[in-house]
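In what follows, a structure is listed as structure tokens, so that the remarks can point back to it.
Since every read-out is calculated from the coordinates, none of them should be taken as a lab result. Note that the structure is a prediction, hence the values are computed from the model and not measured. Here the Cβ is made from the backbone with ideal geometry for all residues, glycine too, and neighbour counts use every protein chain on show.
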Amino acid sequence: MPLFDQNNQKLFLGFVVGAAAGALATKLSPQIREAAKPALKSAMKLAILGAEAGREMIAHAKEALEDASAEAASELRESAVATETSVEKTATATTSAAAEFAAAMAGRKNVGSA
């Protein structure tokens, strides 16, 4: 297997380019650092603003969910009170009807018996 065949040539070229870039970066490090500093600061400012906007959006969503949950709980309580009142009225009406039926039947002794 030859040292510089088709696959190894690409690998060797990548190694040479990487080594040259590393050597150049060490020589130009101060200039690169100074040029990149404003860009890095801008990126950090954008990240901070994005985080604050995200927190605000989450707070609004949380508030909306809490409001919806409170409204649903209130509606359930109102529904339960209405159901209890309806059940009490039905129970009272049933008890009254049963009492009236019992009184009517008590007055009809031996009527309709076989």
Rounded to the nearest 0.05, what FRET efficiency do E56 and E78 give with R0 = 35 Å and r taken as the Cβ-Cβ distance? Could you check? 0.60
Length released on extending from T90 to V17, taking residue separation times 0.36 nm less the Cα-Cα span: 17.3 nm
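By how many nm would the segment from T26 to S69 lengthen if fully extended, with 0.36 nm per residue of separation less the alpha-carbon distance?
Length gained between T26 and S69: 9.5 nm.
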